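*Asks:* The structure is given below, and queries will be raised subsequently.
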Amino acid sequence: MRKRLTEYWFCEGLLNEFDRISEAQMQGNNIIISLLNACLLENGGVINGEDFVKMHDVIRDMALWITREFEATENNFFVKARAQLFEEPDVKAWKSGRKISLMKNKLAVLKETPKCPNLRTLFLSQNELQMISDGFFQFIPHLTVLDLSRNVGLRALPEGISQLVSLECFDLSWTGIEELPIELKALTKLKMLDFELYAQSQKNPTTFDILFFQVANIQNVVSRKSTLS
């Protein structure tokens, strides 16, 4: 969605002239409009009241080709989106990655312990995740953006989530998670948290959830119930 793109850009330092996400939204929207006018993005319609944009496959392939050409020795980008993966790729292939996308696959379990000292962005949305091992996040100290959204079978976060001390944007929307674990208190840099609840959930926020929002340095929290489309 448009708003989420700006939030990710802000957390990744691309809009660092602004102090708050709310202040960056107008600039982010102007950038998206420019990309739409240049046909580098397309309108993706409205879902649950939110405006979405998408990238044409040809533009996406060209962008990936450019990154491969200019960063042939760096391997900063590791993209296996929509690759029909049932198991996580060999973690050695991610080692030097700064931005990794494994979204829209069939991953159910993340059992490895990747060592990714440079990783900043990790997209795992729209898989079939049910379990993430406690060691999965142990050696990803600089992760800034984590998207686990639309994994409705994911019922709990591992204790190792507390290792993500650099995390700023965390998307848990439309997962099966109904309670935030106490380990999230360690994520003191968190600025955006979305745990918009899957429609089947009937739980109300816990006392810890409310206290967490009060003491954390979070600028944008989404916690409403919604219908998964």
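The values are calculated or read from the model by the stated rules, or taken from the named source; none is laboratory data. Just so we're clear, the structure is a prediction, and the values are computed from it rather than from any experiment. Neighbour counts are summed over all protein chains in view; Cβ atoms, including those assigned to glycine, are modelled from backbone coordinates with ideal geometry. Heads up: the accessible areas ignore ligands, DNA and RNA and are worked out on the full protein's heavy atoms, side chains in. Shrake-Rupley method; radii C 1.70, N 1.55, O 1.52, S 1.80 Å.
*Asks:* Give the number of residues within segment 96-136 that are of a type in the set (D, E, K, R), within 24 Å of L14 (Cβ to Cβ) and either over 17 Å from the mean Cα position of the chain (by Cα) or outside any strand (DSSP E or B) (or both).
*Replies:* Going through segment 96-136 one residue at a time, the tally reaches 3.
*Asks:* Restricted to segment 34-59, and to residues that are at pLDDT below 80 and either assigned by the TED database to the domain that holds S101 or not β-branched (V, I, T) (or both), which residue is nearest to L119 (Cα to Cα)?
*Replies:* E50
*Asks:* Could you check segment 12-27 and list, in sequence order, the residues that are touching a Lys or Arg at 6+ places or on another chain (Cβ under 9 Å) and over 22 Å from L64 (Cα atoms)?
*Replies:* R20, I21, Q25
*Asks:* Within segment 84-98, can one find any residue that is open to solvent by less than 60 Å² (accessible area, probe 1.4 Å) and touching a residue at least 60 places away in the same chain (Cβ under 8 Å)?
*Replies:* Looking for residues that are open to solvent by less than 60 Å² (accessible area, probe 1.4 Å) and touching a residue at least 60 places away in the same chain (Cβ under 8 Å), one finds none in segment 84-98, hence no.
*Asks:* Restricting to segment 99-134, and then to whatever is among the polar types (S, T, N, Q) and within 13 Å of S166 (Cα to Cα), can you tell me which residue is surrounded by the fewest Cβ atoms within 10 Å (Cβ to Cβ)?
*Replies:* N118
*Asks:* Something else about it: Name the single residue that is nearest to F195 (Cα to Cα) among those in segment 14-52 being assigned to a loop (DSSP other than H, G, I, E, B) and touching a residue at least 60 places away in the same chain (Cβ under 8 Å).
*Replies:* N48
*Asks:* Can you tell me which residue within segment 1-33, out of those that are aromatic (F, W, Y) and surrounded by 19 or more Cβ atoms within 10 Å (Cβ to Cβ), is nearest to C169 (Cα to Cα)?
*Replies:* Here the answer is Y8.
*Asks:* Looking at segment 60-83 only, could you name the residues that are assigned to a loop (DSSP other than H, G, I, E, B), at pLDDT below 85 and exposed (fewer than 15 other Cβ atoms within 10 Å of the Cβ)?
*Replies:* Scanning segment 60-83 gives E71, A72, T73, E74.
*Asks:* For segment 135-169: of the residues being within 22 Å of T6 (Cα to Cα) and β-branched (V, I, T), which is least open to solvent (accessible area, probe 1.4 Å)?
*Replies:* Per the criteria, the residue is V145.
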